[in-house]
Amino acid sequence: MPLYEEKLICPLAVRFTQDHIRPKFKDGRKLEESISEVQTNSGEHGYDFILEAPFPSIEIIRWSQFDSESAEADGDHWFTLDNRRLYCLQHVAASLWPKKCAVRVEVLYAACHGIKRKDTSRTVGRNVTIRYSDRHTDQEQWDWRAAVQVGLDTHLRRALRGIAEDEIQNAHGFVASEDKKASTQELFDAPEVPSQSKMEPAVANGDTSTDDDCSSAENTSTPSSSRSTVQLEDAAPCKDTQTPCHQTLSALRVTLQGNWAGRTNETYEVLESGEEATWTCKRWDAHGFSKKITTMWFDEKSNCISWGLDWNYYADAAEFLKNPTTIQWYSGYARTKKPLFKWHHTIHPAKGTK
């Protein structure tokens, strides 16, 4: 008798078993690189896409967990111990929202020995924290519900024009129906693995490592995964030199580059990356130690500058160009437009790497 069955399920209907993860797999591959390697294949059984990951399928188990926050009626859901792989899959599925996505999973018949010991989630697996170091400030929280809300409760909504309200409601209902499938018999069988030639790039690079604890690491954000959140319609490149888009981008090339100081005496150096409408951002802490390099990019449809993981932070380009000595960063997950923190331009050179 087999130990598991290969089935299809929406990754947004699977829960985390840990309250935090590291930004790298055991072999050193960054989660963001794996996200950018996830592929899409044509869907079936009502799914718009079937995601094909560059790492092994996640294992899931039907599990009951007590909800200490009393946010849900019960804790009977699909859970996985492969938390980092689930994060990557959810990231891609959320970026394609409200399209219905599925992934190939291995449904276990019985809970493994270590699930009770390793299950540390305090939110019934609804979210997970990406912890870049042991410092409390070096972490970001991931919740796909908040991620898909980006552009819906803020002025970024215009970037999602063309998506009807009933599509969004249907998408939430779809995830809820996937969550309620309480047995393997209710899940669709996974199709044969498609050949590489039939697979199309989705949003995002991959990994073949396991999902156990790993050391703290730096993170690099890539614009490929972030842009997919708002590029749900085909957009023409900003090439006409007379368009407001091109004028904004030209102004940003002049004003955005340079050195900036943050709220805790950290400094940033912003340089053009060589790719259109993107910049690299290198950070030094207050003691002059280099921390990480991230990517910033200008989204012409929302007229915003994105920085971080999938619109975690953004700046209003028009607002910035009115006062190019200050960048006001907003949270992509916030329901109100209030600056989360600010950068101030400085003429002092960035500190050297130590």
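Quick one: in segment 31-50, which of the residues that are touching a Ser or Thr at 6+ places or on another chain (Cβ under 6 Å) and among the hydrophobic types (A, V, I, L, M, F, W, C) is modelled with the lowest pLDDT?
Ile35
Among the residues that make up segment 166-179, is at least one of them in a loop (DSSP other than H, G, I, E, B), among the polar types (S, T, N, Q) and either modelled with pLDDT of 50 or more or surrounded by 13 or more Cβ atoms within 10 Å (Cβ to Cβ) (or both)?
Within segment 166-179 (the criterion being in a loop (DSSP other than H, G, I, E, B), among the polar types (S, T, N, Q) and either modelled with pLDDT of 50 or more or surrounded by 13 or more Cβ atoms within 10 Å (Cβ to Cβ) (or both)), the answer is no, since none of the residues qualifies.
If you take the residues of segment 53-94 that are of a type in the set (D, E, K, R) and closer than 30 Å to Glu37 by Cβ, which of them is modelled with the lowest pLDDT?
Among residues in segment 53-94 that are of a type in the set (D, E, K, R) and closer than 30 Å to Glu37 by Cβ, the one modelled with the lowest pLDDT is Arg62.
Search segment 304-327 for residues being surrounded by 17 or more Cβ atoms within 10 Å (Cβ to Cβ) and among the polar types (S, T, N, Q), and hand back the single one that is modelled with the highest pLDDT.
Checked segment 304-327; the qualifying residue modelled with the highest pLDDT is Ser306.
The values are calculated or read from the model by the stated rules, or taken from the named source; none is laboratory data. Values in this document were obtained by computation on a predicted structure and should not be read as measured data. Cβ: placed from backbone, ideal geometry, glycine included. Neighbour counts: every protein chain shown.
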